[in-house]
Every structure is written in structure tokens, then in C-alpha cells.
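Step one of this worksheet: look at the structure below.
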Amino acid sequence: MTDEHLLRDIGAWVARQRWYAGKSHEPRFRVLDERPASAATRYLLMDDAGSLPTLYNVPIARRATPEDGDEIIAEGPDGYLVDATRHADFTIGMLAEMGLDVSGVTGSRVLTGEQSNTSIVFEQDGRPTIILKLFRTLHHGENPDVTVQRALSEAGSPFVPRFFGSIDAEWPDVGRGSGVARGTLAFAQEFLPGVRDGWAIALEAAREERDFTTESRELGIAVARVHAALGETLETAEAGPAVVASTATAWRRRLETAAAEVPAVAVRQSAIDTLYRAALDRPWPRMQRIHGDLHLGQVLAVPTGGWRIVDFEGEPLRPMEERAIPDLAPRDVAGMLRSFDYAGAVGAAPGAAAWASACKEAFVEAYADTPGAVELDPVLLSALVLDKAVYESIYEARNRPAWLAVPLAGIDAALA
């Protein structure tokens with residue numbers, strides 16, 4: 001097992017990474033599991049210091065001497081420990097573990113700038129064709145990103161990258177009856193060259209006050225068809241009284257927090273609660289798998305035209321088991337509507353509000369007119385938009401007070 005000196009060095013390296021989620025506390029790591037993996041050792045490090053213990057996936061390679069591009073984790077008498085995700089022998093080995101044909105794979109590179117995971121691109125015949133997402137934070141149960149993208153890919157959906165395979169692992173877990181947990185380490189899918197994310201494209205259009213309604217309509221169709229496919233291929237559930245009551249509790253808890261911290265929300269609290277009550281009395285669609293964290297940054301425009309939706313992990317702050325529970329499809333719609341508002345606000349053009357309004361109208365109309373789309377009750381949708389804007393008001397008041405006007409405008413629009 002890993003000695004204390006080595007664990008200290010590995011832990012210090014983990015704590016410096018962008019994907020480490022415990023920045024608010026001093027970490028306290030222990031090795032929960034350690035086993036060979038291709039040309040590396042896969043360490044699973046538990047950080048027990050925070051309010052919620054968090055398990056990290058840390059594959060490490062040993063090298064007699066460091067190579068160009070190595071990220072050194074520790075140095076010892078037997079050589080160096082380096083980040084294995086930067087070594088093709090390990091990363092291509094992961095593809096082989098998934099059962100993929102790796103005979104034509106010639107190399108791999110780690111994408112920079114990712115916040116919570118590590119993405120690795122592979123080339124075949126000189127062209128990037130595969131992207132692998134290595135999950136850095138592990139949870140018991142299959143990751144929703146894998147569950148949803150596999151289902152959509154198998155259903156032939158043209159609105160997600162093709163799914164190629166995934167890797168699971170087991171590790172000790174004294175909190176489970178079996179004493180063992182099992183979860184997703186990584187998955188691979190089609191790499192889409194030349195794509196741009198929807199946020200960058202929308203923001204550019206908003207700044208130039210360029211019409212974006214055609215793209216918004218196409219995006220509405222894409223989201224509707226993804227929802228329809230998920231409703232057909234994965235589990236659904238009736239939105240019974242217990243679900244409605246639980247949702248109401250969550251809405252009101254966020255509203256009370258916002259009213260206590262943001263005086264402008266407190267002034268609107270009664271009107272917001274009135275709309276919530278109306279939405280709770282409306283007929284709700286069946287609950288189903290959804291994206292869970294949909295906004296313009298989660299969609300990609302491909303050079304040949306059209307949109308691809310990615311990153312189906314759900315809200316990062318929600319426990320993994322909650323992200324797998326069927327939810328309201330209109331919640332995704334509400335998230336995209338708020339994203340259009342933010343794009344208009346960040347674009348800061350004189351006609352930003354009108355630009356965002358036109359995008360939202362085109363998006364909703366296209367979604368509603370798509371065969372098989374989930375019905376959008378206007379009162380329920382307004383309540384979901386309100387709940388999103390209420391949450392945003394808490395975030396902006398705490399972190400970016402100058403932006404508080406954006407969610408407040410969203411609240412007023414939903415109430416109107």
C-alpha cells in the first residue's frame with residue numbers, strides 16, 4: 001500500500017488540480033483502493049476533510065526519467081510518478097478495456113481548461129476521432145452521462161455524439177451492505193472536429209445584435225427530440241402527489257433563502273409564491289430522464305450544421321443518486337431560456353432584451369411544435385424559470401452583485 005510520504009505528495013498534487021473540489025478546506029486524503037491499470041496504477045483517494053467525503057480517480061504512471069510533457073507528481077528513489085492521463089500507453093489501454101479496436105490509434109492529448117474531469121482526444125490516421133472523458137470524482141452507480149448518451153446513441157439520435165464504450169470499477173465501501181461500491185471511471189464517444197459551443201456563438205450574435213432565431217429554433221427541435229427519445233428508451237414515472245410536494249418544498253426553500261439574502265426578491269416573494277401555487281395545481285407531464293444542467297455551454301454547433309448536446313451528468317452539486325431520478329423535461333427548457341437571457345446581458349448591446357426575447361420565443365415554439373415533444377404547460381414552465389432565476393439571484397448576490405439585475409429581470413418576466 002502507498003506509504004505516508006508518497007501519499008502526501010500525491011495528495012498535494014491532487015489539491016492543486018482544477019478538478020479538485022475541496023478548495024474550501026484543508027484536504028485529508030487516504031488511499032481507498034490501489035490497483036494496476038494498463039501501464040499505470042489507479043489510485044482512488046478519499047478526501048475525508050470536507051462535510052461530504054469525496055473520492056478521486058488518480059491514475060499514476062512510473063517513469064525512470066521524466067519525458068517531455070510529463071506532469072510530475074512525486075520523485076522517489078525508483079524514479080518519478082507522473083500523471084498517467086498524459087501517456088498514450090495508459091490512455092489507449094483504457095480504450096482497449098472498453099473493447100474498442102485500437103490498432104489505428106496513433107496518439108492522445110489531454111484537453112486543457114476542463115474544470116471537473118479530464119478529457120483526452122485520440123487520433124486515427126492523423127485525424128482526431130475519439131474523445132474519452134475520465135471522471136475525476138467517483139460515485140456509486142453508473143454516471144448519468146454514460147446512461148443517457150448510450151441510450152440516445154443506441155436509439156440513433158443525431159443530436160448527441162456517438163457513444164463508444166465505458167469502464168466501471170469497484171472499490172471498498174463500508175457504508176454499503178455488500179461492502180463494495182461500483183461506479184464509472186471513464187467513457188469514450190465520437191470526437192466532433194471544428195465545433196463551437198453554443199454560448200460562444202450566441203454571445204457573439206448578441207453583441208452584434210445579429211438574428212439568432214434560426215439557430216434557436218434548431219436548438220428547440222434538438223432538445224425536444226432528445227427528450228422524446230429519452231422518454232421512449234429510459235424509465236419514466238408519474239408526477240404523483242409526493243413528487244409535487246417535494247418539488248414545492250424545494251422551490252419554497254430556495255425562495256426563502258433568496259428573500260432573506262436579496263431584498264429585491266423579498267419584495268417579490270408573495271407574487272412568486274402565488275405563481276408557484278398555480279403551477280402546483282396544474283397537470284404535470286410524466287417524469288423522465290433529462291439533461292439536468294442544460295444551457296448554451298452544453299450544446300455544440302457542428303460545421304456541417306445542426307446541434308449536438310453533451311455533458312449529461314446533471315447539476316454538479318447534486319448527489320449522483322439524485323441525478324439519476326426522473327425529472328421534469330420542462331426544467332431543461334427553463335435552463336435554456338435563462339441561458340439566452342444571460343447571453344443577451346453579457347452581450348450588453350442596446351437591444352439585448354429584445355434579442356433574448358426573440359431567441360426564447362423561437363426556441364419554445366420550435367420545441368412545442370416538434371412531434372413527440374413533452375407538453376409545455378406555460379404556468380409550470382414559468383414556475384421552473386422562476387425557480388432557476390431565484391437560485392441565480394442567490395448566486396449573484398453572493399458572488400457577483402453587479403449581475404443581480406439579470407436574474408431579477410428574469411423573475412419579473414416570468415411573473416408577467
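The values are calculated or read from the model by the stated rules, or taken from the named source; none is laboratory data. Just so it is clear, the structure is predicted and the values come from calculations on it, not from any experiment. For neighbour counting, all protein chains shown are included, and Cβ atoms are generated from backbone atoms with ideal geometry for every residue, glycine included. With ligands, DNA and RNA removed, areas are computed over all heavy atoms of the protein, side chains included. Shrake-Rupley method; radii C 1.70, N 1.55, O 1.52, S 1.80 Å.
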### Message
Being among the basic types (Lys, Arg) and part of a helix (DSSP H, G or I): is that true of Arg277 here?
### Response
yes
#### Entry: Hits in segment 11-31 (condition: open to solvent by 30 Å² or more (accessible area, probe 1.4 Å) and either assigned to a strand (DSSP E or B) or hydroxyl-bearing (Ser, Thr, Tyr) (or both))
Ser24, Phe29, Arg30
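Could we say that Leu328 is open to solvent by less than 40 Å² (accessible area, probe 1.4 Å), at pLDDT 95 or above and closer than 18 Å to Pro378 by Cβ here?
yes
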### Summary
Condition set open to solvent by 20 Å² or more (accessible area, probe 1.4 Å) and out of contact with any Gly (no Cβ under 7 Å at 6 or more places or on another chain), scope segment 159-173, selection farthest from Pro193 (Cα to Cα): answer is Glu170
### Query
Any chance segment 117-124 includes a residue that's in contact with a His (Cβ under 7 Å, 6 or more places away or on another chain) and small (Gly, Ala, Ser)?
no
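Inside segment 376-401, can you point out the residues that are within 23 Å of Ala228 (Cβ to Cβ) and assigned to a helix (DSSP H, G or I)?
Pro378, Val379, Leu380, Leu381, Ser382, Ala383, Leu384, Val385, Lys388
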### Query
Cβ-Cβ below 6 Å, separation at least six or inter-chain, first residue in segment 200-218 and without any contact (Cβ under 8 Å) to a residue 24 or more places away in the chain and within 13 Å of Gly347 (Cα to Cα), second in a helix (DSSP H, G or I) and open to solvent by 20 Å² or more (accessible area, probe 1.4 Å): which pairs?
none
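So in segment 82-116, with the set limited to residues that are surrounded by fewer than 20 Cβ atoms within 10 Å (Cβ to Cβ) and assigned to a strand (DSSP E or B), which one is nearest to the chain's Cα centre (by Cα)?
Checked segment 82-116; the qualifying residue nearest to the chain's Cα centre (by Cα) is Val110.
Here's the yes/no breakdown for (1) surrounded by fewer than 23 Cβ atoms within 10 Å (Cβ to Cβ); (2) touching a Cys at 6+ places or on another chain (Cβ under 7 Å); (3) assigned to a helix (DSSP H, G or I):
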position	(1), (2), (3)
Glu322	yes, no, yes
Val333	no, no, yes
Ser357	yes, no, yes
Tyr367	no, no, yes
Val374	no, no, no
Val406	yes, no, yes
### Query
Which is acidic (Asp, Glu) and modelled with pLDDT under 95, of Glu375, Glu392, Glu321?
Glu321
### Query
So Ser116 fits all but one of (1) modelled with pLDDT under 95; (2) touching a helix residue (DSSP H, G or I) at 6+ places or on another chain (Cβ under 7 Å); (3) within 29 Å of Gln288 (Cα to Cα); (4) not aromatic (Phe, Trp, Tyr); what number is the exception?
(2)
### Query
Does segment 50-60 contain at least one residue that is touching a Gly at 6+ places or on another chain (Cβ under 9 Å), outside any strand (DSSP E or B), among the hydroxyl-bearing types (Ser, Thr, Tyr) and loosely packed, with under 13 Cβ neighbours inside 10 Å?
no
